[in-house]
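Q: Sending over a structure as structure tokens; questions will come in a sec.
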Amino acid sequence: MRLSDEYEALRKTVEEFARDVVAPVIGDLYERGEFPYDIVRQMGAMGLFGLPIPEEHGGMGGDYFALCLALEELARVDSSVAITLEAAVSLGAMPIYRFGDAEQRARWLPSLTAGEALGAFGLTEPGGGSDVPGGMRTTARLEGGEWVINGTKAFITNSGTDITGLVAVAAITGEGANGRPEISTILVPSGTPGFTVSKKYSKVGWSASDTRELSFADCRVPEGNLLGARGRGYAQFLQTLDEGRIAIAALSVGLAQGCVDESLRYVRERRAFGHPIGHYQAIQFKIANMEVRAHTARLAYYHAAEKMLAGEPFKKEAAIAKLVSSDAAMDNARDATQIFGGYGFMNEFPVGRFYRDAKILEIGEGTSEVQRMLIARELGLSDL
């Protein structure tokens, strides 16, 4: 797929921003585990947080593919910055745009699309994992015109920064006609009494991003903070994750391509046995395989995004893109680290960060096992 002039201009702009602004400072932020507030501020000024949101709501009037292009270019340099943008848009702003009423959109979208506030999506629970409806224990009951929320959420991105504005919390609000839990989504502003944010997790990777556990103890918000229709929370979450998988696929492709970029630079400089190590076929073949993985994965997420924007079913294609690209990221990170040898094990080199960041891509937004389940289901195998 050849990018249009508009898409290519965006891609080039973000590529230059990642190289000139992110790359010089992110290694130090990553090692200190500091959230990149200044980078986020600059991304907000560029309009990246509003890429797929219409201009009438403060966005840039672009589409989801534009967001994916930006994520890929950022992740070529650093995934902490990329996941901050991905979660803020696809998990924070997009549910409000897709499911919110006029008042909710007017209240939240201008600041979210400007990057002045970050939204988070409180879905996963400590004992839930992939079994979201079966593992959900967080509840919300109506009392005196307010939702009273109790429960705990785990691994929530962008939930505890100084600029976090709200968390959309999935909670059991009753029992459906089929006897299954009725799940709804409720918007909880930061600082609401009864809403407690834990300390940051000590993570293997994504060290410059914000991830925390959240707890709710008789946390009260107005009845009007219900996002969309009551009982539609599970359906909302499924749609959000289908779209989000394309975004994570783009981020994964960026990491995979970043491994190629760094390796190509290194093998021209590093010499062994009288030659640059790129002279040796073993290294050439390894990098060739890395480029094949990145290229193939890119085509997969391009295809999924194309179907989504055309209004066609894309669940299978999103799962394929997420599976293929996360595999590519993990494999390329391992190979790049091997090419760098001992230096690949040093955090001062980007491939060390890439190696630490790659594994979560096979877990977040649905594990690789879940993607295979979804693909098999779309092929009709679950009906056998």
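Q: Report the FRET efficiency, 1/(1 + (r/R0)^6), for Leu384 and Asn178, where r is their Cβ-Cβ distance and R0 is 35 Å, rounded to 0.05.
A: The pair Leu384/Asn178 has a calculated efficiency of 0.90.
Q: Another question, if that's okay. I need the calculated FRET efficiency for the pair Ser202 and Leu238, taking r as the beta carbon distance and R₀ as 30 Å, to the nearest 0.05.
A: So the FRET efficiency works out to roughly 0.45.
Q: From the residues Thr196, Thr367, Gly278, which one has its Cα farthest along the dipole of the chain in the positive direction, the dipole being from +1 and -1 charges on Cβ of Lys/Arg and Asp/Glu about the Cα centre?
A: Gly278
Q: With each label point set 7 Å from Cα along the Cα-Cβ vector, what nm distance links Ala288 and Leu142?
A: 6.6
Q: Could you work out how far the C-alpha centroid of the stretch 59-87 sits from that of the stretch 164-231, in angstrom?
A: Here the answer is 24 Å between Cα centres.
Q: From a point 7 Å beyond the Cα of His295 in the direction of its Cβ, which residues of the stretch 1-26 have a backbone N at a distance under 19 Å?
A: Flagged as within label range: 1-3.
Q: In what sequence, highest mean first, do 59-70, 1-12, 39-50 appear when ranked by Cβ atoms within 10 angstrom?
A: Ranking, from highest mean packing down: 59-70, 39-50, 1-12.
Q: OK, next. Based on the Cα coordinates of the chain, what is the per residue volume of their convex hull in Å³?
A: Hull volume normalised by residue count: 141 Å³.
Q: Another question about this same structure. Would you please give the FRET efficiency between Glu269 and Ala376, computed as 1/(1 + (r/R0)^6) with r the Cβ-Cβ distance and R0 = 45 Å, to the nearest 0.05?
A: It comes out at approximately 0.50.
Q: In this model, which of Lys203/Lys315; Lys153/Lys200; Lys203/Lys359 are farther than 18 Å apart at the alpha-carbon?
A: Distance filter (> 18 Å) returns Lys203/Lys315.
Q: A follow-up question, please. Rounded, prolate or oblate: which one fits the stretch 119-231, using the alpha carbon gyration tensor with axes a ≥ b ≥ c (rounded when a/c is under 1.5, else prolate when a/b beats b/c, else oblate)?
A: oblate
Q: The stretch 333-373: which GluC sites (Glu not before Pro) are DSSP loop and have at most 12 other beta-carbon atoms within 10 angstrom?
A: Glu348
Q: Over the stretch 32-115, consider all pairs of different Cα atoms and compute the Kirkwood hydrodynamic radius from their mean reciprocal separation; express it in Å, one decimal.
A: 12.8
Q: For the stretch 235-383, compute Rh as the Kirkwood radius over C-alpha pairs and then the Stokes-Einstein diffusion coefficient at 37 °C and 0.692 mPa s; write the answer in µm²/s, rounded to an integer.
A: Reported coefficient: 204 µm²/s.
Q: Among the GluC sites (Glu not before Pro) in the stretch 274-325, which ones are in a DSSP loop with at most 12 other Cβ atoms within 10 Å of the Cβ? Mind listing them?
A: For GluC sites (Glu not before Pro) across the stretch 274-325 that sit outside H, G, I, E and B with at most 12 neighbouring Cβ atoms in 10 Å, the list is empty.
Q: Still on this structure, please answer the following. Any chance you could check the Cα centroid distance between the stretch 237-279 and the stretch 288-366 for me, in angstrom?
A: The two parts, judged by their Cα centres, are 7 Å apart.
Q: Pop a pseudo-label 7 angstrom from the Cα along the beta-carbon direction at both Ser4 and Glu369 and give the gap in nm to one decimal.
A: If labels sit at Ser4 and Glu369, their model points lie 4.2 nm apart.
Q: Full-extension gain between Glu56 and His279, please, as 0.36 nm times their residue separation minus the C-alpha to C-alpha distance.
A: Length difference between fully extended and current span is 74.8 nm.
Bear in mind these aren't lab numbers, they're just calculated from the coordinates by the rules spelled out. On a predicted model such as this, the values are computed, not experimentally measured, just so you know. Every residue, glycine as well, gets a Cβ built from its backbone with ideal geometry; the counts of neighbours run over all protein chains shown.
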